Structures are given as structure tokens and as C-alpha cells.
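Presented below is the structure to which this report refers.
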Amino acid sequence: MGAANSVRKLTIDSIALLEQLEPNAAELAAKRAVRQRVQQLLRRQWPTVRVLPFGSSESGLGFGGCDVDLGIYFEDVDVDAQGQFSPQERIKLLDTACECLAGTFQVEQFIRNARVPVIKLWDPKRQVACDVCVGGVNALLNTALLKYYGQVDPRVRPLVFAIKYWAKQRGINDSVNGTLSSYGFTLLLIFYLQSNYAEVQLPSVHSVVQNLQSQTKVSVLLERLQSPPAMELPSTFGTSEMDSVGALLAGFFDFYANRFNMEDEVVSVRSGTALSKTTKWSHPTSWRLSIEDPFELAHDVGPL
């Protein structure tokens, strides 16, 4: 099989994999119903509360059957203050949430000592699992960003699904056990698509969300998130095998295996260019991959 045919087959297989793994309409409807029910129950305690989805289920980059991530947001609390709740305050709020939800949902677990405390719920009626936390603005921004990339470039979703599936099959997509998270793999892909090695470059995070982080109310932030900047694709987009899903998937692995300088550079989708490890981190390590979180700038997503 020639190179062109191999690339074409890889494109076809990647798109087929996306169609196989993405959630169907019934699952999406069930997850929306769970969010609405959680919000309805919590409003008995907090009348102005908003329960908002975030993470891969909301960004369109999650596999079918994945848990729903839900954040508790208070309209009368400034966005910045919402993200500054102490762990003790978050746990206290989640204790109250548990009392509100326990009659309808099964509380499977309350993880109090996590970086972000979370309640794990099961809805026996809809057969949906969900994680509930006290949400922060970065979760909304991050989700909106990844959803935006998936909408403006139709190659993003099949590429993300193919890479995440590849990693899952090899057991290397679990940050708890010392490998890279699915979120980390997604950032690697976005950064590759921002590089000069891709025929059509995705914009940097800064250019997409520069006017969003100054919002003070959740309602205003949500309104702004509904209208991200447009990205114009060239008229030749999709006409060349060089910018196909298959070619980009092969290019992704070549980029990180042979071109990206892992020892000295940091992956930064915020800037759209690589950063110097010695400039970025106070104690850089040359032996592992380093990925800057686009919103929590002091957080390294790539602890490999």
C-alpha cells in the first residue's frame, strides 16, 4: 500500500473510531437531565445556584459512557472569589449538597482530600455517573476553549479520540499512576496543531480568551463564552492529503518523537509556542515532558 493510501486509510479509520466512541443522542439527553435535576435539588438550599457542566463530556471530546463533571456556581459570588474557596469551605458546601442530593442520587463516594474535593454520584434512573464539585472559573474557560477548537477545526475531534484511544489501549492515560492524563494528551494535540508543522494552525489560548478572564459574574462569563472569536479556514482547507486527519495523526507522533525538544522546552497552548523550561519553572527537570496548564499557569500537566 502506498503512502497516500495509508494516510487515507488512517483518516477513514480515525473518523470511524470517533463515530464508534462518541456518546449517542440518548446518552447526551440523559446527562443533560442529570444536570437539570442536580440543579433543581440544590436550588431548594441555594435559590440562585447554577450547576454547570465542564470537562470532556461538555467539550465534546469525551468517550461515550464517561462520567459527567458538574460544578456548583453561585451567581451572587464574583467569579474570582468562586475560585478562591478554601478546601474546608468547599467540603462544607459539598456536605450540604450531599444532604440535598442523597434522596434522589446514590452518593458513591465523597473524596475530601483531593486537589478539588468531589462527590461521586450515581443516578439509578438514568444510569449516569457524575462528579460534583464547587466549580472554579478555570474549569469553564478550559472546557469552552477545547470545545471551541473542536468546533472551528473539524479534524480536532477525530484526532483527540484517536490519540486518547491509543493511549487508553496502552494503559498510559492515568495521571494517578504516573502517566499522562487524557487532558494532557489533548493539550499535546492542540499545541501540535498550533505549530508550523500543521498546514492550518490553531490560534493560541491568549488570542481566544483574552477578554474573558476579566468578567466578574458567572452569567456574564457564560454569555461571552457563547460567542468565541471566529476562525477562518483557507479556501484550500480539506483539499490536500497533507492536512487530512490521517496525515496529522502521523505528524503528531513524529513531532513529539523527533522534533519537539522535551529536555529544554515546555508545551504552551496559551502562547502557541514552546517556552523555555529554565524560564518557566523554578526547578526545571530535563528528563520529562512538561505541559503548562493554559489557565493555572503554575500547574504542570505533564508530570512524567
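Any read-out appearing in this document is the output of simple, stated calculations on the displayed coordinates, not a laboratory observation. Everything numeric here is computed off the predicted structure, so don't read it as measured data. FYI the Cβ positions are ideal-geometry reconstructions off the backbone, even for glycines, and counts take in every protein chain you see.
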Report summary line: Which residues qualify? For Ile172, with a placed amide H closer than 5 Å and at least 5 residues away or on another chain, they are none
Query - Phi-based couplings in Hz for region 244-250 (Karplus 6.51, -1.76, 1.60; Gly and Pro marked x) - result: 7, 4, x, 5, 5, 5, 5
Query raised in the report: So how far, in whole Å, is the C-alpha centre of region 89-109 from the one of region 125-150?
Result: 18 Å
Query - Charge dipole magnitude, Cβ of K and R +1, D and E -1 - the chain, Cα centre, debye nearest 20 - result: 600 debye
Report task. Work from the charge dipole of the chain (Cβ charges, +1 for Lys and Arg, -1 for Asp and Glu, about the Cα centre) and give the residue of Ile91, Asn261, Ala16 farthest towards its positive end. Result -> Ile91
Query raised in the report: Roughly how tilted is helix 156-169, in degrees to the nearest 10 and between 0 and 90, from the longest Cα axis of the chain?
Result: 80 degrees
**Report entry** With Cα atoms, 0 to 90° folded angle of helix 182-194 axis to the chain main axis
**Finding:** 40 degrees
**Report entry** Set of lysines near Lys164 by C-alpha distance (under 29 Å), chain-local residues within fewer than 8 positions excluded
**Finding:** Lys9, Lys31, Lys120, Lys147, Lys277, Lys280
Query - Loop trypsin sites (Lys or Arg not before Pro), region 79-119 (other Cβ atoms within 10 Å of the site Cβ: 11 or fewer; DSSP) - result: Arg115
